[in-house]
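The values are calculated or read from the model by the stated rules, or taken from the named source; none is laboratory data. Keep in mind it's a predicted model, so treat the numbers as computed, not measured. Using ideal geometry, Cβ is built from the backbone for each residue, glycine included, and neighbour counts are taken over all protein chains shown. These area figures cover heavy atoms from the full protein model, side chains too; ligands, DNA and RNA do not enter into them. Shrake-Rupley method; radii C 1.70, N 1.55, O 1.52, S 1.80 Å.
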Amino acid sequence: MPKMQSITKCIKYFLLLILFSFSTQITFAQLTPVLNPLFTQPVADARAIPKFVNPLPIVPRIDLTSGGNVNMYMGQGTHDFGLLPGTPLYATVWGYSNNPSVFGYLGPTIVAKENNQLNVQWHNNLPNSYPLPLDETLHWAYAGHMNHPSMYNITQDGVPAVPHLHGGNTESASDGLPEAWWSSITGVTGMDFVKTLYTYDNNQEAATLWYHDHALGITRLNVYMGLAAFYLLRDDNELNMIANNQLPSGPYEIEMAIQDKMFYPDGSLAYPDAPWMSMPGFTPWVGGPSVQPEFFGDVIIVNGKAWPILDVEPRKYRFRILNGSDSRFYNLRLAAPVNTTQPLWWTVIGSDQGFLNAPLSQRELLIAPGERYDVIIDFSDPALLGQTIIVRNNAKTPFPNGATVNPNTTGQIMAFRVGTTPVVDPVVLPATLRPTPVATLTPNKVRKLMLFEGMDEFGRMQPMLGTIDPTNPNPDLDGTLMWSDPTTEFPVFGSTEVWEIYNATVDAHPMHLHLVQFQILGRQKFTATVLPKMNMAHDGSMSMGGKLTNIRLKGKPTKPGLYEAGWKDTGIMYPGEVTSVIAKFERLGEYVWHCHILSHEDHEMMRRFVVVPSLPKNGGEENIASVNGFQLDQNYPNPFNPSTTIKFSVKENSFVSLKVYNGLGQEVATLIDQKVPEGNHRVEFNAGDLPSGIYFYTLSTNNFKETKKMMLLR
């Protein structure tokens, strides 16, 4: 019987293929269709798509270096990916735009300046329909919770979306938290929604940042549709190097967003829509598309065009490279058809969070999803005149131990065609790129965290994060954890922490920490015993996770690659290794850390962390009553000038508001407005330029509210 079903299925697909081919012959131009088990209808054959014909699109820029205010919109448009050069095939896409009437694929590059605050009013103009297969079994924006079911649906309530400035040192309310989404319908928002007017302080050094959608459980889909774009942050150091011809600029500085896609024969975007085949012993799958463990497209897109080519002069160019793919790593190499005086190098000048200390030349450039590299390519070798240079890729999928890429499709990215006329290149790269080297941090605390791949209720691979904390009095908070589990990471404001992240999976994961810039300290192999652990999902279903015990380090630790030695916000964690990163936490509030394989992020490989105020010291005057309820203490000293300490306790993880008012009842300061962990806390209030007088401070949390009086006496 199974053999007969298989034959019947093949005949059905064959007839469908004939019918599809016949229909294309009598209607309009189509791509060659092929069958793929992840799809319920034929997809386009990537091998038939011409390469190095489409000119590389140059991304438009918006100069916002003076700061100020701007409106940005999310909306739907059409786009030709260049699959049949000379014959446009228009696909429905989403994108960002500063024009509410014009949308294409991706969005404009925002160019900002250090310390020039930018206020972006975001608008969700997306339609009330979803063009891609939507798996609603995941914990996604409209999934709700078993105790708080969602009443939303896309047809009535629109598409949830929320922009995240990836790499930005941004306040929590403007960070684009996964549940801070909103739709085009007024009042349809996520549980962490605060506002749509986002503030970007830009209080960090020059870097290649990017902005993209971050809505819970559909990030992979919204980004795939096109909600992603560059955000270049300038500073005086970079502008001085540009002015002094130490860096290429103007038409010689180009952004390149590399992504992999799949298409239907009519040129529209294709994404896996096959149902999941549940294994015996797991919950049976009932219809509908299923999320895949990873997504690997077979057509490489750069700036929205398939396998493009860029005409370059024989001189230096600066490229801002982003891996904007779902799951695919790229290991890039420049391949010239002739022998050159010197090998073709990538000269790396910067990574995610800014410049390296000095330029670094290397033959290959490994870039994971979410990572960015700032590179120089010198095309001035006389042997390259008139030659075409192909950018090749040999990163396995999944990385690093998966299948070898097809050298004729995903093994190629794009090409450069060098001009035939020599030019004078005024650019001479500096020996050093930073006025001061990347700082060395000293940690206050070390955390042990873990990456794990378990199974959900349907028997699908489910990637998860977790803790390694066998001393935790709540054993449920040791080991793998779901997005809906209580927060376990509470860095103290101003502290520096080392996160030792143990990868107990078989693949590499690019881990992204919001808010902070970090340094990769090193990596070391380890062995461990894995104990099973059951985890409860948002809807009450159970997943199989695990705990790590008997951890033993092996061999000697290795330092990060030189190209990784700068400031990072996304770092590769290799299988069977613990990767140590160090970061300073300099803003209060809630943020997240997650895998930037978007299919992993959407299927539970994401957790919150909350930066909290200073905790009280042990002993003496710093102790307050044992935590058996909510309590607000009298400030000390009182009267005070100009600062005083306010202490309080909460009996459980709670959202706390602590505000100060003058004698007229006008708010003069917000000391805390965020989630804090169970325990005793203190906060310092500096009255600054406030006049002498009576003031009041109010603590609000859950159903508790208390106000006390204090006196400022100058």
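Before moving on, here are some points about what is shown:
- For a straight C-alpha distance cut-off of 27 angstrom, the lysines reachable from residue 316 (same-chain residues fewer than eight places away being disregarded) are 51, 113, 305, 568.
- The calculated FRET efficiency for the pair residue 542 and residue 90, based on their C-beta separation and a Förster distance of 41 Å, comes to about 0.35.
- Exceeding the 25 Å Cα-Cα cut-off - candidates 195/708; 445/675; 675/705; 547/647; 647/709: 195/708; 547/647
- The convex hull drawn around the Cα atoms of region 400-556, when projected onto a plane and averaged over every direction, covers 16.6 nm².
- Percent of alpha-carbon pairs separated by more than 15 Å within region 307-366: 64 percent
- For region 319-405, the C-alpha radius of gyration sits at 1.17 times the compact-globule guess of 2.2 N^0.38 Å, with N the residue count.
- Estimated at the nearest 10 Å², the accessible area of residue 530 is 80 Å² with a 1.4 Å probe.
- Contour excess over end-to-end distance, with Cα ends at residue 534 and residue 286 and 0.36 nm allotted per residue: 87.0 nm
- Taken over region 90-231, the alpha-carbon convex hull comes to 111 cubic angstrom per residue.
- Length gained on full extension, residue 150 to residue 58: 28.9 nm, using 0.36 nm per residue less the C-alpha separation.
- Summing charges over neighbours of residue 568, with a neighbour being any other residue whose Cβ is under 12 Å away from its Cβ, gives -3 when K and R count +1 and D and E count -1.
- Compactness relative to 2.2 N^0.38 Å, alpha carbon Rg of region 405-465: 2.33
- Magnitude of the charge dipole, the chain, Cβ model with Lys/Arg +1 and Asp/Glu -1, debye to 20: 1120 debye
- Taken over the chain, the convex hull of the Cα atoms encloses 188 Å³ per residue.
- Seen against the Cα atoms of the chain and their longest principal axis, helix 2-26 is set at about 70 degrees.
- Placing unit charges on the Cβ atoms only, positive for Lys and Arg and negative for Asp and Glu, gives region 160-264 a dipole magnitude near 420 debye about its Cα centre.
- Counting charges near residue 370 (Lys, Arg +1; Asp, Glu -1) among other residues having Cβ under 10 Å from its Cβ returns a value of -3.
- A straight Cα-to-Cα reach below 16 Å connects residue 659 with the aspartates and glutamates 633, 667, 673, 684, 706, residues fewer than 8 places away in its own chain not being considered.
- Put a dot 7 Å past the Cα of residue 69, heading toward its Cβ, do the same for residue 439, and the two dots end up 3.4 nm apart.
- Region 409-453 residues near the modelled residue 338 label - backbone nitrogen below 20 Å, point 7 Å along Cα→Cβ: 415-425
- Given R0 = 56 Å, the distance between the Cβ atoms of residue 684 and residue 121 translates into a calculated FRET efficiency of 0.95.
- Loop-resident chymotrypsin sites (Phe, Trp or Tyr not before Pro) (DSSP state other than H, G, I, E or B) in region 108-204 with no more than 13 further Cβ atoms inside 10 Å of their Cβ are absent.
- Principal axis dimensions, region 296-447 - Cα atoms, whole angstrom, descending: 57, 41, 27
- Put simply, the convex hull of the Cα atoms in region 497-564 casts, on average, a shadow of 6.8 nm².
- Note that region 523-608, at 10 °C in a medium of 1.306 mPa s, gets a Stokes-Einstein diffusion coefficient of 100 µm²/s from its Kirkwood radius over C-alpha pairs.
- Taking all protein chains together and rolling a 1.4 Å probe, residue 512 ends up with roughly 0 Å² accessible.
- With every protein chain in place, the chain: carbon and sulfur % of accessible area (1.4 Å): 54 percent
- Candidate residues 264, 211: accessible-area rank, largest first, probe 1.4 Å: 264, 211
- Environment charge of residue 542, counting only residues whose C-beta is closer than 14 Å and scoring Lys/Arg +1, Asp/Glu -1: -4
- Gained length - residue 243 relative to residue 670, 0.36 nm times residue gap less alpha-carbon distance: 149.5 nm
- Reach of residue 261 by Cα under 17 Å, taken over aspartates and glutamates that are not fewer than 8 positions away in the same chain: 45, 80, 273, 294, 298, 326
- Solvent exposure of region 208-350, expressed per residue, is 28 Å² of accessible area, with all protein chains present and a 1.4 angstrom probe.
- Cα-based equivalent ellipsoid, region 82-166: semi-axes from gyration tensor eigenvalues, Å: 28, 23, 12
- Kirkwood hydrodynamic radius over Cα pairs of region 166-205, then Stokes diffusion coefficient at 10 °C and 1.306 mPa s, in µm²/s: 144 µm²/s
- Here the spin labels are modelled as points 7 Å beyond Cα on the Cα-Cβ line, and at residue 713 and residue 638 they lie 1.4 nm apart.
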